[in-house]
Each structure stands twice: as C-alpha cells, then as structure tokens.
1. Hey, which of these cross-link pairs are over 22 Å Cα-Cα: K11/K192; K11/K140; K140/K170; K38/K184?
2. Averaged per residue, what accessible surface does the stretch 253-373 expose to a 1.4 Å probe, in Å²?
3. Which order do I432, I190 take by accessible area at a 1.4 Å probe, largest first?
4. Measuring from centroid to centroid over Cα atoms, what is the spacing of the stretch 267-285 and the stretch 361-410 in Å?
5. With θ set to phi - 60°, apply the Karplus curve 6.51 cos²θ - 1.76 cosθ + 1.60 along the stretch 363-373 and write out the HN-Hα couplings as whole Hz, x wherever there is a Gly or Pro.
6. Under a crude label model (7 Å from the Cα following the beta-carbon direction), how far is Q250 from D158 in nanometres?
7. Using the basic label-point model (7 angstrom from Cα toward the beta carbon), what is the D46 to L322 distance in nanometres?
8. Around Y146, under 9 Å between beta carbons, what's the net of Lys plus Arg minus Asp minus Glu among the other residues?
Amino acid sequence: MELRRVEDELKSHCESWRQLRRARGLTCDGNAALPTLKELFSKLNDEEIFPPEPEEEPEEAEYDTQMKDEEKKDKESIEYDKNNTEKEVEYDETQMKYVEKKDKKFMEPEKNNSTKKSSEHSVAASKPAVPASESNAFSKSIYIGYIGPEEEGIADHDMTPQQILELLDKIKESLTLLAPKMNKFLNRTIEKDPITRKPRYGEKAMIRVKQAIRAYKALECGLSGVFQDETNSESTDQSSLVSNLRKQVQSREEQMNEQRRVKQTQEQIELERIANEKLLAEKREKEQRLLEEQRKREEELELSRRAEEARRRRIEEEQLALAAEREADANLLSLVPTKGPEGVREQIEKMRQALEDDRPALDVALGSLYTLFDQITRKPEEVSFRRVRRDHPKFNEDIGRHVGGKEVLIAAGFRLETLDGVKCFFSKEPNIESDMNGWSDWFDGLKKTLQVIEEEMIK
C-alpha cells in the first residue's frame with residue numbers, strides 16, 4: 001500500500017510537470033522551457049542510482065543443520081498439506097511478493113514458527129519466474145504511466161509566473177518529504193530474504209520500485225535544473241528558470257504596486273475633488289440660503305412698510321371720514337335752527353316745497369314720520385322705536401333722501417349718535433324717576449310733533 005501511495009504521488013507530480021511544459025508562461029521562442037519527462041529519464045544512469053548487489057555470504061553449517069531438523073519435524077505436516085490442499089502461487093500486493101495460495105476449506109492454523117518458516121521456504125522455492133517478454137512489457141507500461149503521452153511542446157493554457165512558482169515549489173517540497181521513503185525503497189532493492197536468500201521484492205514489485213525511484217530521480221533532476229542558481233550560489237553565468245520567474249513575479253508585483261499607488265493617488269485626487277466640490281456646493285448653498293433669508297427679510301420689511309403705510313392711510317382716511325361726518329353732522333344740525341313743533345313744521349314745509357311735483361313721495365314721507373312718532377308715543381320705553389339707523393334702506397327710501405326728512409328728526413329732538421358701532425338718530429328718554437319734569441317735557445314734545453305731522457298730512 002505504501003508503494004501504491006508513492007506511485008500515485010509521483011504520477012501526480014509528473015502530470016504537474018507536463019502541465020508546466022504546456023503553460024504559455026514557460027515558453028521560449030514558441031518552445032517549452034522545461035525538458036520532457038522522457039528526456040529526464042534518458043539522462044538517468046542506473047549504475048549511479050542503484051547500489052551494487054552485495055556478494056553472497058556462505059551459509060553456516062549450524063543453519064543447515066537447523067533447517068534439516070526443522071524439515072524432519074515438519075515432514076508430517078507438509079505431507080498433510082499435500083494431501084489436503086492444492087498448492088498454488090499468487091502475487092500478494094500487500095507483501096509485494098509471490099505467496100502460497102491455500103484452499104481455505106482445508107486450512108489449519110499454524111502450529112508453530114518452525115512450520116511457518118518451512119512453508120514459506122517451500123513456497124519461495126516453487127515460485128515461478130516471470131517471462132522476459134512479460135517483464136519488459138510490464139516495465140514499459142509502468143514507464144509510460146510516468147512520462148505520459150508523447151508531448152508536442154505546444155502551450156495550450158495560461159499560467160501566471162506566480163502559479164508556476166507555486167506549483168514548482170509544491171513539487172520540490174513533496175520530493176523532499178518523499179526522500180526518506182525513496183531511500184528506504186532503494187535500500188530494499190539490494191536486501192534479501194534471510195531464509196530463501198532471494199531478493200526482498202518479487203520481479204514485478206522490483207520493476208515498480210525501480211521505476212518509481214527513476215521517476216523520483218527524473219523529477220529531482222528536472223528541479224535541479226530549474227532551481228540551479230538557488231542550489232548553487234557559485235553559478236552566475238546564467239539565471240535559472242525559477243530566478244527568472246521570481247524576477248517576473250517581483251516585476252509584476254512592482255507593477256501592481258505602482259498601479260495601486262497610481263490608483264490610490266487618483267482615488268485620493270478624486271476624493272479631494274469630491275470634497276472640494278462638496279465644500280463649494282455647501283458654500284454656494286449657504287450663500288443661496290443667506291440670500292434667500294435676506295430676500296425674505298427685505299420682503300417682510302417691504303410688507304411691513306406697506307402695511308404701515310396702509311394703516312396710516314386708513315387712519316388718515318378714517319380721520320378724514322370722521323371729520324367729514326362730523327362736518328356733515330354739523331351742517332345737518334345747522335340746517336335746523338329752530339327746535340320743537342315749530343321747527344318740525346318748518347322742515348316739513350321745506351319737504352313739501354321740494355316734493356311739490358311728487359305728491360305720492362310726500363305722502364309716503366309724512367306717513368312714515370307719523371308711524372315712527374306714533375310708535376314712540378305709544379311705547380316710549382321701547383329703545384328700538386327711538387333708534388333709527390342712518391343708513392337704513394327703508395328710512396332713506398321713505399324719509400332720509402328728501403330735503404327736510406332728516407331735519408324733521410333733528411327738530412323733534414333726535415340726536416346724532418353711534419350705538420354699538422352703528423350711526424343712528426336717537427331720541428334719548430330722560431330718567432322718569434330722577435327727572436320727572438324733564439321726562440314730561442320730552443314726552444310732550446313727541447306728542448306735539450305727532451300732532452304737527454298729522455296736521456300737515458291733512459293739507
């Protein structure tokens with residue numbers, strides 16, 4: 001099993017070697033930079049690899065005597081085996097030699113160590129030899145298993161210098177670890193069985209071991225050429241393939257570092273540009289915000305100024321309107337020099353003259369005056385009867401729009417007042433409890449006015 005694992009590992013490394021030869025990174029003028037495995041095998045010299053076989057030492061007499069005694073003692077056992085078992089010889093992969101094949105049905109447990117040694121001696125003595133043609137064919141098949149198919153040296157896949165170096169280092173490290181096992185196999189090629197004095201390996205096993213050693217030496221030779229300037233410090237005439245690859249890797253790393261440095265510089269410049277643009281944008285935004293705030297303040301100031309001007313104009317207008325109203329009221333009052341029933345009669349006369357051609361309007365005006373004063377005299381305590389809105393549509397339609405209409409109310413004792421924000425003609429009732437005489441005079445004046453209006457209506 002150990003030999004099989006070593007063979008598989010060496011074949012894997014041979015395949016890696018063939019892969020390296022086909023790599024585009026290892027070509028020179030279109031040809032592979034590495035020798036073929038066949039070329040490496042051809043450089044090997046078995047005399048330099050395999051040690052010479054030691055000379056046969058004479059057997060001691062004591063050993064022969066012991067063997068004869070053991071044969072006598074085991075004679076019966078051997079006869080028993082011959083009668084009950086058909087002996088056959090087969091190659092044991094585990095022991096890497098030919099051993100006796102027994103029928104398990106008739107097998108008996110070994111009685112002692114002497115019987116076992118005698119049986120092994122008998123089997124080894126009867127082991128058939130492998131024919132020369134079969135041996136050559138077997139050796140060639142093992143050899144082909146290592147070198148693989150014929151190579152044309154055409155690069156058919158890409159490998160970077162770093163990948164090539166890693167694969168070469170992997171093969172070198174593995175061969176270093178295999179060295180103790182290969183030395184063990186190499187020493188066993190000259191060892192012999194202490195009983196049969198035959199080689200330790202059978203013929204086919206010996207072929208496999210030697211081919212494995214040759215493959216190991218071929219790979220070792222190839223790696224020696226690849227790593228020549230690293231293993232030999234005095235070799236300065238030319239650089240090895242590994243040195244060139246390391247230079248390429250170093251150059252590639254320097255290029256990558258330079259590219260990274262340039263990229264980092266560009267990224268730094270870009271970051272600074274972005275930062276500057278951001279600062280500039282923030283500055284512009286701040287300036288825009290300040291301008292907007294300034295504009296809003298100016299608008300607010302302008303609105304405030306306009307509002308103040310409007311308020312001032314409104315106050316002036318109100319003052320002018322109030323002054324105009326006061327002047328109008330004063331003019332209205334000045335038009336009624338006489339108060340009481342006589343003054344009422346004078347104002348009705350002016351109305352009659354103004355409406356000389358419009359008797360129906362005069363009748364409506366006198367009728368409305370009569371109704372107004374009749375309600376007051378009937379219910380003098382009712383404030384709504386004694387308050388007449390100056391802007392009341394019905395009042396202006398019937399009385400106020402005519403000459404003397406408003407003057408009749410002034411002559412009858414009505415005052416120009418503002419009640420609850422409404423300008424009115426108001427006849428104020430004196431307090432009957434505190435001013436009985438004043439209340440009587442006021443009420444008598446209302447009744448006399450009503451009598452004058454009634455008389456004027458008859459005319």
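1. Over 22 Å Cα-Cα: K11/K192; K140/K170; K38/K184.
2. 78
3. Reading off the accessible areas and sorting them downward yields I432, I190.
4. 84
5. Result, ordered by residue: 5, 5, 4, 5, x, 5, 5, 4, 4, 4, 6 Hz.
6. 2.6
7. Here the modelled spin labels are 14.1 nm apart.
8. In short, +1.
The values are calculated or read from the model by the stated rules, or taken from the named source; none is laboratory data. Just so we're clear, the structure is a prediction, and the values are computed from it rather than from any experiment. Every residue, glycine as well, gets a Cβ built from its backbone with ideal geometry; the counts of neighbours run over all protein chains shown. Protein only, heavy atoms only, side chains kept; ligands, DNA and RNA dropped before computing areas. Shrake-Rupley method; radii C 1.70, N 1.55, O 1.52, S 1.80 Å.
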